[in-house]
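Rule-based calculations on the coordinates, nothing more; no lab input. Being a predicted model, the structure only gives us computed values, none of them experimental. Here the Cβ is made from the backbone with ideal geometry for all residues, glycine too, and neighbour counts use every protein chain on show.
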Amino acid sequence: MMLNCYVEDKTGIVKLRFFHFNKQQVNALNNSFMIHAFGEVREFNNYLEMIHPEYQLLDQGSECSVDETLTPIYPTTQGLTQTRLRQLVKIALKRCEAELHQLEWMSEQQLEDNKFSNLSDAIKLLHNPPPDTSLHSMEMGDHPALKRLAFDELLAQRLSMQFARQSRSERHAPAIPAENNISTRFLSSLPFQLTNAQQRVATEISSDLMQTKPMLRLVQGDVGAGKTIIAALAAIQVIANGYQVAFMAPTDLLSEQHFNNLLHWLDPLGIKVLRLTGKMKIAERRTALVALMDNSCQLIIGTHAIFQDEVEFARLGLVIIDEQHRFGVEQRLLLQQKGQRDQLTPHQLLMTATPIPRTLSMTHFAHLDISVIDELPPGRSPVTTAVLNQDRRESIIERLHAAIANGRQAYWVCTLIEESEKLQCMAATNTAQVLQEQLNLARVGLVHGRMKAVEKEATMAAFKSGEIDLLVATTVIEVGVDVPNASLMIIENAERLGLSQLHQLRGRVGRGTTQSHCILLYQSPLSHQGTERLKVMRSTNDGFVISEKDLELRGAGELLGTRQTGYRQFKLANLQRDKAVLTLLPPFARQLVQETPEIARIITQRWLGNFEQFLHG
């Protein structure tokens with residue numbers, strides 16, 4: 001059943017529609033002469049109508065006044081109506097009217113130069129905009145009121161980073177002199193020379209380690225840029241001076257690969273390298289824990305297991321975290337705190353193959369020193385990318401067969417809409433069986449998240465040594481897997497993955513000198529966002545371009561993984577919309593911290609509460 005009520009004034013007729021109503025409502029509406037209704041108006045069957053509007057019944061002869069401002073709509077929760085919220089906001093604005101003027105920290109000149117409203121006017125206008133307010137300018141972020149409040153929120157974020165940097169500079173770390181003997185032996189053992197970009201970044205890190213201020217440096221390098229070599233050089237400098245290094249990776253698979261590489265490089269130099277994961281046997285784990293406590297292990301590589309309570313270091317000097325965006329702020333601080341001895345804080349080196357968009361580096365990552373490896377090793381050709389409909393699967397199988405016949409190896413990545421690891425693994429298992437039948441004599445391997453670590457490691461080792469031609473996998477192979485002979489990557493249902501994840505997966509090929517290819521299979525119909533993502537992947541291999549587009553499509557909250565990593569989402573600001581004011585942040589933040597730190601803290605506290613406490617690592 002449905003209740004329709006027709007309301008008329010001098011401008012026309014509007015139909016009020018109610019799908020949920022009671023007898024009292026029907027009687028009240030039938031017997032009322034005047035009604036004050038509020039809601040979204042739309043056109044339907046030649047009528048203007050409102051569905052479930054807010055309304056107020058008025059007695060005959062009562063004055064029907066309309067607010068002089070536009071009516072605000074607030075996010076509500078159960079038991080709290082729009083009417084009650086508006087009443088509370090009205091009371092709050094009245095009570096703090098005098099205080100709003102006192103909270104202003106910008107000069108008249110600054111307001112005028114930047115076309116900002118003052119703080120008091122901005123807050124009042126956003127809650128009670130005049131009828132002639134340009135809603136378009138609000139949506140675009142151009143209105144002086146919204147622009148001012150968005151700027152203050154972005155500034156608070158920047159200030160919290162500035163305070164984090166300041167807090168770090170007040171702590172002490174072991175000063176670790178540069179070491180040339182072991183480093184030279186290590187570099188001469190490599191079958192290649194470092195690129196200019198690698199040498200530059202290695203020098204920046206070495207210089208940081210020599211300081212008594214704790215290093216907190218993020219190394220950005222596209223997939224295959226050679227970040228692990230840089231980490232090894234940093235570890236050698238620290239270990240040569242009698243300190244230990246903890247190297248943390250987000251997955252067992254990546255941790256195993258780092259362990260194998262670093263063991264191969266550093267064991268001949270007399271450096272003891274061990275591994276620590278949650279799936280180790282008790283005896284192996286105990287051996288590793290004892291070696292850490294008595295300093296006989298100089299480098300420990302592992303997953304989240306490294307920052308568990310039972311893990312104690314004798315002399316931790318450096319923490320290296322790979323794919324740092326996979327770890328939360330609190331996890332990073334836990335590991336750092338493990339190394340605090342004699343009032344010394346260990347240095348930290350963070351690494352990522354997911355480039356940080358410039359807008360984020362100016363806000364959420366402003367507390368870090370950032371190095372960029374912007375050069376790939378010589379001989380690498382960019383991966384060519386094709387976007388094909390799922391119905392081209394047969395021709396892709398033929399192409400795959402030809403590649404394997406020519407001695408090349410390939411990946412086939414399975415994805416599902418469901419977030420169920422079990423279903424993803426079933427899909428990968430079924431796909432592996434079907435492909436084995438279709439490819440006849442090809443050797444097909446399988447890797448997924450529910451396999452035992454030893455099985456995954458054995459399969460990956462077989463793939464790396466060439467005993468497997470085609471590796472069918474879930475997105476567990478997203479980071480770090482390095483097989484130079486693999487030159488073809490096929491990703492099913494590519495439209496379901498984010499840009500950064502697609503870029504990471506594509507980075508598993510193109511690591512040798514052979515031209516590599518990536519095929520993105522999609523299922524029709526494609527959403528607008530799905531289409532945009534696949535267009536970007538086809539048009540560029542530049543990780544920085546991809547990360548900026550990812551930010552544009554997904555927004556900062558999803559890109560940062562707020563819940564997992566501890567980064568907060570904005571209340572009013574929008575990094576894409578408010579790009580124009582980002583360049584104002586560094587000079588404003590510097591001036592406030594240097595000249596009026598008390599005001600800087602008030603601004604930070606107003607927007608972030610006690611959030612900055614998590615960032616002082």
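Restricting things to Cα coordinates, could you compute the convex hull volume per residue of region 1-158 in Å³?
Working: hull volume 28.8 nm³, N = 158.
With only Cα atoms used, region 1-158 gives 182 Å³ per residue.
So between Leu103 and Thr513, what do we pick up on full extension, going 0.36 nm a residue minus the alpha carbon distance?
Working: separation 410, 0.36 × 410 = 147.60 nm, distance 6.13 nm.
Once the chain is fully extended between Leu103 and Thr513, it gains 141.5 nm.
What relative contact order, as a whole-number percentage, does region 384-540 give when Cα pairs under 8 Å and 6 or more residues apart are counted? Show your work: numbers first, answer last.
Values: 274 pairs, mean separation 49.3, N = 157.
This gives 31 percent for region 384-540.
Evaluate E = 1/(1 + (r/R0)^6) for Ser527 and Leu80, where r is the Cβ-Cβ distance and R0 equals 22 Å; express this FRET efficiency to the nearest 0.05. The partial results should precede the final answer.
Numbers: r = 34 Å, r/R0 = 1.53.
Working from the Cβ atoms, E equals 0.05.
Considering Cα pairs under 8 angstrom that are at least six residues apart, work out the relative contact order of region 3-92 and quote it in whole percent. Don't jump to the answer; show the numbers that get you there.
On the way: 94 pairs, mean separation 19.9, N = 90.
Once normalised by length, the contact order is 22 percent.
Once you compute Rg and the Kirkwood Rh from C-alpha atoms, what is the Rg to Rh ratio for region 3-92?
0.97
Could you tell me the center-to-center distance, by alpha carbons, between region 538-552 and region 258-282 in angstrom?
Computed from Cα coordinates, the inter-centre distance equals 35 Å.
Let's test the formula: R0 of 30 Å, r as the Cβ-Cβ distance of Lys535 and Gln569. What FRET efficiency results, to the nearest 0.05? Please list the in-between numbers first.
On the way: r = 27 Å, r/R0 = 0.90.
Efficiency, rounded to the nearest 0.05: 0.65.
Mean separation of Cα pairs under 8 Å and 6+ residues apart, divided by the residue count of region 181-373: what relative contact order is that in percent? Show your work: numbers first, answer last.
Numbers: 307 pairs, mean separation 61.9, N = 193.
Worked out over region 181-373, it gives 32 percent.
Quick check on the exposure proxy: order Leu263, Leu70, Leu551 from fewest to most C-beta atoms within 10 angstrom.
Numbers: Leu263 17, Leu70 14, Leu551 22.
Fewest-to-most Cβ neighbours within 10 Å comes out as Leu70, Leu263, Leu551.
About its Cα centre, how strong a charge dipole does region 3-92 have in debye, to the nearest 20, once Lys and Arg get +1 and Asp and Glu get -1 at the Cβ?
Details: 8 positive and 10 negative charges, 68 e Å.
Dipole of region 3-92, to the nearest 20 debye: 320 debye.
Could you list Cys96, Cys414 so that the one with the fewest beta carbons within 10 Å of its beta carbon is first and the one with the most is last? The partial results should precede the final answer.
Details: Cys96 14, Cys414 23.
Going from sparsest to densest Cβ surroundings: Cys96, Cys414.
Please get the size of the charge dipole for region 384-540, origin at its Cα centre, with Cβ charges of +1 on Lys and Arg and -1 on Asp and Glu, quoted in debye to the nearest 20.
Taking the Cα centre of region 384-540 as origin, the dipole is about 320 debye.
Counting DSSP beta bridges with both partners in region 3-92, what percentage is antiparallel, nearest 5? Walk me through the numbers before you get to the answer.
Values: 17 of 21 bridges.
So the antiparallel bridges in region 3-92 amount to around 80 percent.
I'm a student and want to see the number: the projected area of the Cα convex hull of region 384-540, averaged over all directions, in nm². If you can, show how the numbers build up before the last one.
Working: hull surface 34.4 nm².
Mean shadow area of the hull around the Cα atoms is 8.6 nm².
Starting with the fewest neighbours, write out His304, His36, His20, His258 ranked by other beta-carbon atoms found within 10 Å of each beta-carbon. Please report the intermediate quantities before stating the final value.
On the way: His304 18, His36 15, His20 9, His258 23.
Ascending Cβ contact count within 10 Å gives the list His20, His36, His304, His258.
Please go through the residue pairs Lys213/Lys279; Lys124/Lys549; Lys124/Lys579; Lys15/Lys124 and name each one whose alpha carbons sit more than 26 Å apart in this structure.
Values: Lys213/Lys279 36 Å; Lys124/Lys549 35 Å; Lys124/Lys579 24 Å; Lys15/Lys124 33 Å.
Result: Lys213/Lys279; Lys124/Lys549; Lys15/Lys124 exceed 26 Å.
Give me the distance between the Cα centres of region 99-136 and region 285-310, rounded to whole Å.
Each part's Cα centre sits 55 Å from the other's.
Tilt of helix 252-266 relative to the longest C-alpha principal axis of the chain, in degrees (0 to 90, nearest 10)?
With rounding to tens, the tilt is 40 degrees.
Roughly what would the spin-label model give for Thr384 and Lys579, points 7 Å off Cα along C-beta, in nm?
3.1
For region 384-540, build the charge dipole from Cβ charges (+1 Lys, Arg; -1 Asp, Glu) around the Cα centre, then report which of His503, Gln529, Gln390 sits farthest towards its positive end.
Result: His503.
Of all DSSP beta bridges in the chain, what percent run antiparallel (nearest 5)? Write down the numbers at each step before the final one.
Details: 18 of 73 bridges.
Around 25 percent of the beta bridges assigned by DSSP in the chain are antiparallel ones.
Using Cα atoms only, what is the angle between the long axis of helix 453-464 and the major principal axis of the chain, expressed in degrees (0 to 90) to the nearest 10?
Approximately 70 degrees, to the nearest 10.
Given (i) 13; (ii) 21; (iii) 31, which label gives percent of Cα pairs over 47 Å apart as computed from the coordinates?
Correct label is (iii).
Amide H of Val472: which non-local residues (sequence gap of 5 or more, or other chain) have their own amide H closer than 5 Å, using H built in the peptide plane?
Amide H neighbours of Val472: Trp412, Gly445, Leu446, Val447.
Say R0 is 25 Å: what FRET efficiency, to the nearest 0.05, do Arg341 and Ala283 get from their beta-carbon distance?
0.35
Convex hull volume of the Cα atoms in region 133-175, per residue, in Å³? Write out the running numbers ahead of the final one.
Details: hull volume 2.7 nm³, N = 43.
Spelled out: Cα convex hull of region 133-175, divided by residues, is 63 Å³.
Angle check, please: helix 282-293 long axis (alpha carbons) against the longest principal axis of the chain (alpha carbons), in degrees 0 to 90, nearest 10.
With rounding to tens, the tilt is 90 degrees.
When the convex hull of the Cα atoms of region 181-373 is projected onto a plane and the area is averaged over all directions, what value comes out in nm²?
Working: hull surface 42.5 nm².
Its Cα hull, projected and averaged over all orientations, spans 10.6 nm².
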